[in-house]
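**Q** Got a structure here, written out as structure tokens. Questions coming.
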There are 2 protein chains.
Amino acid sequence: MAEQLTTREENYSQWYNDLVINAGLAENSSVRGCMVIKPYGYTLWENMQHVLDRMFKRTGHVNAYFPLLIPKSYLSREAHHVEGFAKECAVVTHYRLKADPETHGVVVDPEAKLEEELIVRPTSETIIWSTYKNWIHSYRDLPLLINQWANVMRWEMRTRLFLRTAEFLWQEGHTAHQTREEALEETEKMINVYAEFAEKYMAMPVIRGRKTETERFAGAEDTYCIEALMQDGKALQAGTSHFLGQNFAKAFDVQFLNKENKLEYVWATSWGVSTRLIGGLIMTHSDNNGLVLPPKIAPLQVVIIPIYRNDEQLAQVSEVAERIKGALLERDITVKFDNREEYRSGWKFHEYELQGVPVRITVGARDLEQGKVELFRRDTLEKWLVDTDSAVDETVALMDKIQQNMFVKAKAFRDASIHRVDTWEEFQEQIEKGGFLYCHWDGTAETEEKIKELTKATIRCIPFDNPQEEGRCVYSGRPSHQRVLFARAY
Amino acid sequence: MAEQLTTREENYSQWYNDLVINAGLAENSSVRGCMVIKPYGYTLWENMQHVLDRMFKRTGHVNAYFPLLIPKSYLSREAHHVEGFAKECAVVTHYRLKADPETHGVVVDPEAKLEEELIVRPTSETIIWSTYKNWIHSYRDLPLLINQWANVMRWEMRTRLFLRTAEFLWQEGHTAHQTREEALEETEKMINVYAEFAEKYMAMPVIRGRKTETERFAGAEDTYCIEALMQDGKALQAGTSHFLGQNFAKAFDVQFLNKENKLEYVWATSWGVSTRLIGGLIMTHSDNNGLVLPPKIAPLQVVIIPIYRNDEQLAQVSEVAERIKGALLERDITVKFDNREEYRSGWKFHEYELQGVPVRITVGARDLEQGKVELFRRDTLEKWLVDTDSAVDETVALMDKIQQNMFVKAKAFRDASIHRVDTWEEFQEQIEKGGFLYCHWDGTAETEEKIKELTKATIRCIPFDNPQEEGRCVYSGRPSHQRVLFARAY
């Protein structure tokens, strides 16, 4: 129930957690750091998957599936990769349990110890490139444009539902190319796919850019990202696309005969988005009444609620409600007529507001006398009467309006939260208030590290098409050629 | 290439393996027992998933996601379950690696030992019922009709691509009900969904029935199954649906307040099919030329191949091919126009035969002069000319014919392979030839075990609506009331 929500003003992170739990999206499981994604949350993820999967396929990609477990030694093949990923991960050491006569439970069978430990994949570059070695021989085998939908695991110490969990669901694209240029083009293409998905479907404005060397993916030569801004002024990395150069090809010895019949190492990219996006979606749009979901990916787009006093009224109301429901279904809109008698209409209003259903249609006996039903839009909380006959058309049009309005509103907030900052004092002051700080930086990892240490702010990205401009580093005062975006981040 | 296939007659199991590899469905990975599902095989799985998922949703189910890892102690909660599943499984004992200065690789950090080991899920009853405990309080929370698409792991000693792998993909439904009757109804409903899917989409005839106590799912009170027959005369369990009684509710203390306000244990079912189905599909239909795939789930339904001598002919041929392709796409048919110049048409014919593409349309310059193109159906290997203008309609009609013919053919083979056997001598003789042996059995686990020991045959199922008939057990000679189906099985 909406009443149980902590408000954003009271405690933003508690508000977030309450919302995820109370709207029935997910909950913590009894396994440390692993969440259960509940049906309402999973349907949201399925809707996101469908759109993304279509976008991947339209850009020429196919899906495949690679093993969950990775031999430990694979992780050490690429020198940077191992530093990034071989730390906190789940390690499989045995393959059998046996009965324990003492406890009547089971214990690990010490005789069933693996010769080489296996790691639950934190990401799949190593297992995939060890496989690509057998698939790629000549330029005719390239490009290889493969995506995988999978679960992955990183043993995070501090976890938060959707935002940072030990196990999460994601997709990871792994492509192989003949040339550096083609791989770079793919890296850029996919960050653009992510940006389009975030903005057009999630109504979440994002800034596209590249990461600094410090923030790059372990094993990448360049990492492109989309960065979103949450309502509390913190940034969220919403998707990344990596140009891996020939690093993994060299680590796994993947060479191909080029058109000149010479052996060359293959060029690679990888890119991914995860269930983390759901966290970003929630924190971009939701309010103190609950979730606000964009119509294009909402699990339930329209709910119809009846109001009546007696069986005769219920019959009239139901007839209209069912007619509207049928017409909406024909337009491929997900709609529910909630005629459960055990819940009052007031309770239902609250419940669907909490769940962020974009449009509510209330069919009430009294309004029907005037040939009207009530529309309610979740994003602005406005409601008004419309002619029963035009309810379907108005609902369809309203969904588009809501989708657009949510993006415009989020973008206005985001744009107003980008601050050009030129002095260190200003920086320290502004970072406490949140938002992106657009400032000059001297380009060194030392300064980046120092700023992070002092303020918890990191460089989120160097935006694409960033204007070149002479200036002085906001921290060190050394010369700089461009501004970059700092923020505290999730 | 088709030439590399071992024939079924030479070596059936080698034929199967060659086919999986050469048609590009899957391959073994470098991780013992775990396969890589290649794009062509994965697309097949996606097509199967889409149909099944729609069938699940139409029968009122929703999807959710539960943790990959299960605390070791959960497995011991249900006494029978632990015996079945706590044996060969992947055990996570540590959560961190650290750099090894000696080898420059990584070693398991002994300090990062888990207090309680975690098991990679072999099936999810235990983690799901530990979760349902918090979701179910009153009859209003029931029924709970949830499905999960996931990877699972069972440390099999002898593995075969798709048929038996350490890691496999599947769906597992887990439902909770107020009454025994309702749970039994669900168990039956889902085995019927599986049977419908197998027969209508995979064109694979199945026998529905129940398992004997010996062959039951560990923790179930009753297991329903669908059993198919492979071309080598061995049976394959293609799907199971379990009535779990109150076993898991009691093990995890899941009670609900019924309408009379009394606490009762919840009734449960679980049901699943896996990537194993792909193995069954292959062995039901394929031949010595390669895969034969039913049009309804084929990754590629139609391939168009051009034949020409010069650029002028290529232009004419391409125009017709593109027109046909466009018209087929409009009818939602998956079609590829393979105009690659680096491969000869003969090579392409073999390749798509190997891949089991149901219909091939050859657009040749010479045929075009008579206004004709050639159709080829993969199931019967027949080809004939049709008017260019009717090619699309004929192709669409042909796909239905192929789908039906594949089922009819497989069913005729299956029906001819069910043998009524009344003596032990006959049994021993027939079991070597394969097929289902429909015989009397005295109903004891001892006899079942003895027959298995002597012949490797198991009771595949007691068919639903099995006629009651007095007789004598084929092995013990003791009285029996019905016949059951024995077979050697995958």
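**Q** Does segment B:334-353 hold any residues that are in contact with a strand residue (DSSP E or B) (Cβ under 6 Å, 6 or more places away or on another chain) and assigned to a loop (DSSP other than H, G, I, E, B), and which are they?
**A** Step one: filter segment B:334-353 for residues in contact with a strand residue (DSSP E or B) (Cβ under 6 Å, 6 or more places away or on another chain), giving B:335-339, B:345, B:348, B:352-353.
Correct list: B:Asp338, B:Asn339.
**Q** Which residues, taken from segment B:449-477, are farther than 20 Å from B:Gly434 by Cβ, small (Gly, Ala, Ser) and assigned to a loop (DSSP other than H, G, I, E, B)? Write out each step before concluding.
**A** Residues of segment B:449-477 that are farther than 20 Å from B:Gly434 by Cβ, as a first pass: B:449-450, B:462, B:464-473, B:476-477.
Among the residues that remain, those that are also small (Gly, Ala, Ser) are: B:471, B:476-477.
Hits for segment B:449-477 are B:Ser476, B:Gly477.
**Q** So for segment B:452-475 (the condition being of a type in the set (Ser, Thr, Tyr) and more than 29 Å from the chain's Cα centre (by Cα)), does at least one residue qualify?
**A** Within segment B:452-475, the first condition is being of a type in the set (Ser, Thr, Tyr), and the residues that meet it are B:455, B:458, B:475.
If we keep only those that are more than 29 Å from the chain's Cα centre (by Cα) too, we end up with B:475.
There is at least one residue in segment B:452-475 that is of a type in the set (Ser, Thr, Tyr) and more than 29 Å from the chain's Cα centre (by Cα).
**Q** Sticking with this structure for a sec: Tell me, please, whether a residue that is out of contact with any strand residue (DSSP E or B) (no Cβ under 9 Å at 6 or more places or on another chain) and under 21 Å from B:Val20 (Cα atoms) can be found in segment B:236-259.
**A** Scanning segment B:236-259 turns up no residue that is out of contact with any strand residue (DSSP E or B) (no Cβ under 9 Å at 6 or more places or on another chain) and under 21 Å from B:Val20 (Cα atoms).
**Q** Considering only strands (runs of 3 or more DSSP E) fully contained in segment B:207-280, which possess at least 2 residues that are among the aliphatic types (A, V, I, L, M) and buried (at least 22 other Cβ atoms within 10 Å of the Cβ)?
**A** Values: elements: B:207-210, B:222-229, B:235-245, B:255-257, B:263-265, B:267-274.
So the answer is B:222-229, B:235-245, B:267-274.
**Q** Can you find a residue that is of a type outside the set (Phe, Trp, Tyr), within 14 Å of another protein chain (Cβ to nearest Cβ) and closer than 30 Å to B:Val36 by Cβ anywhere in segment B:187-194?
**A** Taking segment B:187-194 first, the residues of a type outside the set (Phe, Trp, Tyr) are B:187-193.
Pick out the ones that are also within 14 Å of another protein chain (Cβ to nearest Cβ) and you get none.
No, segment B:187-194 contains no residue that is of a type outside the set (Phe, Trp, Tyr), within 14 Å of another protein chain (Cβ to nearest Cβ) and closer than 30 Å to B:Val36 by Cβ.
**Q** Another question, if that's okay. Of the conditions (1) at the interface with chain B (Cβ under 8 Å from one of its Cβ atoms); (2) of a type outside the set (D, E, K, R); (3) in contact (Cβ under 8 Å) with a residue 12 or more places away in the chain; (4) within 30 Å of A:Gln355 (Cα to Cα), A:Asn28 fails just one. Which one is it?
**A** (1)
**Q** If you check A:Gly356 against the conditions, is it surrounded by fewer than 16 Cβ atoms within 10 Å (Cβ to Cβ) and either under 28 Å from A:Ile278 (Cα atoms) or of a type outside the set (Lys, Arg) (or both)? So that I can check it myself, show each step before the final result.
**A** Numbers: surrounded by fewer than 16 Cβ atoms within 10 Å (Cβ to Cβ): no; either under 28 Å from A:Ile278 (Cα atoms) or of a type outside the set (Lys, Arg) (or both): yes.
No, not satisfied.
**Q** Right, something else. Are any residues in segment A:432-451 more than 28 Å from A:Met283 (Cβ to Cβ) and of a type in the set (Gly, Ala, Ser), and if so, which ones?
**A** In the first step, residues of segment A:432-451 are kept if they are more than 28 Å from A:Met283 (Cβ to Cβ); the result is A:440, A:442-447, A:450.
A:Gly443, A:Ala445 - these are the residues of segment A:432-451 that are more than 28 Å from A:Met283 (Cβ to Cβ) and of a type in the set (Gly, Ala, Ser).
**Q** Where in segment B:54-125 are the strands (runs of 3 or more DSSP E), entirely inside, with at least 2 residues that are within 10 Å of another protein chain (Cβ to nearest Cβ) and surrounded by fewer than 19 Cβ atoms within 10 Å (Cβ to Cβ)?
**A** On the way: elements: B:69-71, B:91-94, B:97-100, B:105-108, B:113-120.
Filter on segment B:54-125 gives B:97-100, B:105-108, B:113-120.
**Q** Could you list all residues from segment A:153-183 that are under 27 Å from A:Leu229 (Cβ atoms) and free of Cβ contacts under 8 Å to residues at least 60 places away in the same chain?
**A** Across segment A:153-183, the qualifying residue is only A:Arg158.
Each reported figure results from applying straightforward, stated rules to the coordinates on display, with no laboratory input. All of these numbers come straight from a predicted model, not from anything done at the bench. Neighbour counts are summed over all protein chains in view; Cβ atoms, including those assigned to glycine, are modelled from backbone coordinates with ideal geometry.
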